[in-house]
Each structure stands twice: as C-alpha cells, then as structure tokens.
Amino acid sequence: MSMDIILAQTVVNGLMVGMIYVLMAIGFTMVFGIMRIVNFAHGEFYMVGAFLFAILYGSNEMPFAVSVLLAVGATALLGLAMERVVFRRFRGNEINGMIASVGVALIIQNSALLMWGSSARTVPPVVSGVLSIGGIVFPWSRLVVIIGAILAVVSLNLLVVHTRIGRAMRAVAQDAEIAQVQGIRVDVIFPAAFVLGVSLAAFAGVLMAPVLSVSPFIGLAPTLKAFVIVVIGGLGSVPGAVVGGLLIGLIESFAGTFVSASLAEILQFLVVIAVVLLRPQGLLGRKEREA
Amino acid sequence: MTLPTTKPVHLVGVGVAVAVAVLLPWFAPNQFYIHLATVGCINLMLVLGLAIIARAGQLSMGHGGFALVGGYVSALLSMKGWPPLLTLFVAGLVAAVIAAALGWIILRLRGVYFVLVAFAFSQIAVLLALDMSSITGGANGLVGVPPISIVGYVLRAKPQFYPFALGCALVTLLLTWLLYRSPLGTMMAATAENQRLTESSGIDTHRVQVIAFTIGSGIAGFAGALSTHYLRFISPDSYTFWESVSYLTMLVVGGRDGVLGPVVGVLVLTPLPELLRSTEGLQHIIYGTMLVLCLMFVPNGLASLVHTWRARQHVAPANATRVVEEVP
C-alpha cells in the first residue's frame, strides 16, 4: 500500500473514532453543565445501546431504522428511570452524585453481564462496499459512522440553539436558580438534558456496534475518552467537546498506525496534563465564575 | 467529627477489637478465614488512604493506580535482590512522589478535574504495566515475587503473614487517627468544609490537599506492595478501576468522617465477594446497590449510625447538655 492510502485511511479512522468520542463527550459535558453531575455511568449507556442494537438488528434481523430507534429509545427510557430514581437526588452535590454514578455503572454493567453473558458479539455490517475518490478507497461502513455522528451533532446543535427547550437548557446551565426565577421549569429540563445525553451515548454505541464487537465491558473506554476530551476541550463546552474529540481520535489513529496503541494513550494523558498546566479552563472553555 | 476516644468505654472497645483481631489465628476454623482477615487488613490500609484524601475534600478515582505502582516497584526491586521489608517503604515513597507531582499540577483546579485526571492516571498505569512487557511481564504479570522476611524469619504461610499485615494495618489506623487530631488534620477538615473560608484564614488549601493526596496515595503504594508480597504475584489486572471503586464503596458504606468508618466498611464488604464467588456479576450489583442506597439513606455511612444511636441514648435520660458535645 502506498503512503497516500495509508494516510487517507488513518485520517478516516481517526475521524470515525473521533466523532464517536465527540458524541460521548457532548452527552457527558451536557449532563455536567446542566445537572453538575460527573456521570461515570455514561459509557454504560453506550454499551446498552450497542447491545440492544446487536440483539435487534444482528440476532432478530429487524430493519435497520427500527433497530436504531428501538435501541436508542429503550436506552433513553433506562436513562430516564435512572434520573428519576438516583441522579435527581444528587443534583448539585458533585461528590456524592459522582459516587452514585459509579454505583449505577456497576449495576448496569453487571446486569448486562448476567443477562447477556460475557462473550463478545459481532453485528453484521449495515452497508458494504467502498467509496473510491481519486484512487483512494474509503470503506462505506466507516463513512456511515462519520456521517451518522455528524448528523447527530448538527441536529443537537439545532435543538440547543434554536428551540425553546434548547434555550431553556442553556439558561439552566448558566444559572439554574435564575432560570427558575424566569419561569423555566427546571424539573423538566434536568431529566430532558440527562435523557438527551444518554441518547447520544446510546446512538454512539449503535453506530460503533457493526464496526467493533459488543460485550458488557465496552463502556469504560469511551467514558475515559469522554473525560479526557472534556478536560482538554473545557468542561461544559460543546464546541470544546467537538475539537477535543476529533483531536483525540486523530492522535489515537495516527499514533496507533505508525507507533503503538499504548503510546497513543500516554500521549493523550500528556496532552491533558499540558492543557491543565497551560490553559486550565480547557481549549475552548470559559473561565468558570465561582459561585 | 472526632471520636471522643479518651473515654474508658471506648478504650475497652478498641482493646477488645484489637484482641479479637490478634487472637484470630487461634480460633479460626481454617486458613481461609486467616486469608480473609489478611485481605481485610490490606483493604483497610487502602481505604484509610482514600479516607485521608477525602478528609481534605477530594475524591480519588485512581487509588488502585497507586497500589499498582507500589506493587510493581516493590516486586521488581525485591526480585533484584533488595530486601522486601525495605522495598515496601520504597514502593510507598514512589507512589507518594508521583502523587505529589500529579497533585501539585491538578489540585489547583476544581474537584471534578482532579477526579478525572486521577482516574486517567490509573488507566495509564495499567496500560504501562501491560505495554512495558520486557520489565513488567506484560499481561502475564510477575510471578514468584519474594516473600517478606524479618531478620531471617520468612513470612511465607498465611498464619505467619497475618500478624505482620495486622500490625501494618493497626499502625496505619493509629497514624491516621493521630493525623486527624493534629493541626494538619484540622486544616484538612476545614478545607473540605469550606475551601474559600479556610483559604481566607491564611491556610494554603492547595498545599493541604496535595499533602493529603500524597499521604493517602503513599499508603496505597505501601498496601499494594504488601499485597503483592503476600500473594507473591502482581499483574495489570490486580488493581483496575473496579478495585478503586470497591475501596470507594467500602469508604462510603462505612463512613467518611472518622477512622471508624473505614473499619466498618472493610468489615462489612471484604467477606462479601467470597460469599458470592459463584456469581461474580451479582457481587458487583450488590456493591453498586449498597453504594447508591447508602448515599441516599445513610450518606455519612454505617459508622454514623453509631453516633446517631449514641446521641439518642444520651437524650433518653433527659440530659440535653451532653448531646451538645456530639454535634460536630
């Protein structure tokens, strides 16, 4: 293979992984920005989404669109239930909320282990074939992930910037109390934001299921990535999550192709330390006003 | 909330508990119980380390990472011929130095960032252990780590190792208790209570938190090394994120305030995995459920129930003045 092809494929892989990380990080940073909860269970919703899709699309051979809707919808319901039962009580209590989310992660991951077993499942590819531009081939299976993730990010952006509920969410993120005084129903916004974040994670899981294999343990790695990305991009910043996610995806892909996968992880950690030292509010984050 | 341990009743209680722990090998039905007690001692040290960090208002999700570093340092040095009794302390020191450097950088930020970076550090520690296979043995780990020997007396079997582990745990417990009663301990508690107010009283809260993180992680390094010389084996799987989570569970379920909390948490949660060994998933679900339920209904941990109960006992004889001293 010539250098061009390797480079192009590395970029495509980096963008694909990066976009998945972007989806994970946006959901994570939204939940933190609005509810002030660091959600260690975020990756478990990714795992549940991927598993449900594997069962619906892979094992039961349901139509693609139906499988996606059902997988994301069911995971969103699980998220709603968790918000009702657990997270609601820890709103604003950062430390206890975080510990509770670890408990939720333990419960979800091991319930999946008991229900679905520990063996990895593969999902048949949604599309096959390649796109060839100027002699360089891109597999459609990966392009679909990138396109799907871009669509999700764009529609989320439309929702947050142009709709009533999106404006309300941004208001709550800035100051929940003042927002409530202005007549925004915080009790509705909190679960809505949580479910939206969870749905993004579930959608990321659905997109990745045909590319990777699915097992109960796949949730932790994307959670770690979401953490790294929000520290780099700035906690609570959505553009920061996009930049950070793509940066991490590309670092991972390039270092993985040309050096070694674990070097990529160490590099990411060094980037985090450098950002914390030089620009503590994150690349695109704003300095936080202390309450 | 400091325990008023100067009362004779408490001294008797502590004495009885220590006596039971010391005499355990004589009335334990079999070696398995001694093994469980040894694991409990090691867990207690790890949870106390976590408690010291929590005392200064921080939460370390990378606690297992420091235990892993300590375990590898001690294993590698002792396999090179260093005496294990020395390498235990070297392991603690190395973990403490790493924590001090990392803490100095990340503790300047808000609590959440600290948690995220400490968590990322523990993942990196696991990856390095996997990747540097020429030194660490990769995924297979290091087998045949030398046992600890004290002036020629080799602690190879379980009944011989247990007194040493118990001694280490009791010393850690005593030192933690003394730390909590020292001026530094007060500064730590004040930092956790209200960082800005403490800062305005002229206390460098950043320094206090870095010191707490350094001490706590140093203890984790020592305990990780102790466990490695007990099991005579270490691998990257020895201390993963889920180990860090189980220490956190013990701390939260037991209680974060005094030294009693970690003891209660370890006593309640160490035997649980052994009872549920057949269904590994179920054990984790129970841990998770206990964690969430405790945070909801007993946020100060099971040890706080003792205080509540004692407070009620004091109220009963209509002696309201004595209740005042129970209030933190």
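Some notes on this structure:
- Modelled this way, with points 7 Å down the Cα-to-C-beta line, the labels at residue B:182 and residue B:305 are 3.4 nm from one another.
- Averaged over peptide B:117-125, the number of partner chain Cβ atoms lying within 10 Å of each residue's Cβ comes to 5.
- For residue B:149, distant residues with modelled amide H under 5 Å away: B:85, B:155
- Residue-averaged beta-carbon neighbours from other chains (10 angstrom radius) around A:110-118: 4
- Contact order relative to length of chain B, as percent, for alpha carbon pairs under 8 angstrom and 6 or more apart: 30
- Positive-end residue, the protein assembly as shown charge dipole about Cα centroid, Cβ charges, pick of B:98, A:224, A:125: B:98
- Loop sites by DSSP among the GluC sites (Glu not before Pro) of chain A, restricted to those with at most 11 other Cβ atoms within 10 angstrom, leave A:62-289 as the longest stretch without any of them.
- Euclidean distance between Cα centres, the stretch A:140-174 to the stretch B:43-104, Å: 43
- GNM result for chain B, Cα springs below 10 Å: residue of B:17, B:157, B:120 fluctuating most strongly: B:17
- For the stretch A:3-278, relative contact order (Cα pairs under 8 Å, six or more residues apart, normalised by length) works out to 40 percent.
- The separation of the stretch B:114-182 from the stretch B:206-264, counted between C-alpha centres, amounts to 10 Å.
- Close amide H contacts of residue B:233 (hydrogens built in the peptide plane, cut-off under 5 Å, sequence separation of 5 or more or a different chain): B:145.
- Averaged over peptide B:237-244, the number of partner chain Cβ atoms lying within 10 Å of each residue's Cβ comes to 2.
- In order along the stretch B:297-305, the Karplus-derived 3J(HN,Hα) couplings, from 6.51 cos²θ - 1.76 cosθ + 1.60 at θ = phi - 60°, round to 10, 10, x, 9, x, 5, 4, 5, 4 Hz, and Gly and Pro are given as x.
- Among B:113, B:247, B:162, the largest mean-square fluctuation in a Gaussian network model of chain B, built with springs joining Cα atoms closer than 10 Å, belongs to B:113.
- Calculated [θ] (222 nm, deg cm²/dmol) that DSSP helices of n ≥ 4 give over chain B, each run adding -39,500 (n - 2.57): -24500 deg cm²/dmol
- Charging the Cβ of each Asp and Glu at -1 and of each Lys and Arg at +1, and nothing else, the dipole of the stretch A:3-278 about its Cα centre rounds to 500 debye.
Any read-out appearing in this document is the output of simple, stated calculations on the displayed coordinates, not a laboratory observation. Worth saying up front: this structure is predicted, and the values here are computed from it rather than measured. Please note: Cβ atoms are built from the backbone with ideal geometry, for glycine as well, and neighbour counts cover all protein chains shown.
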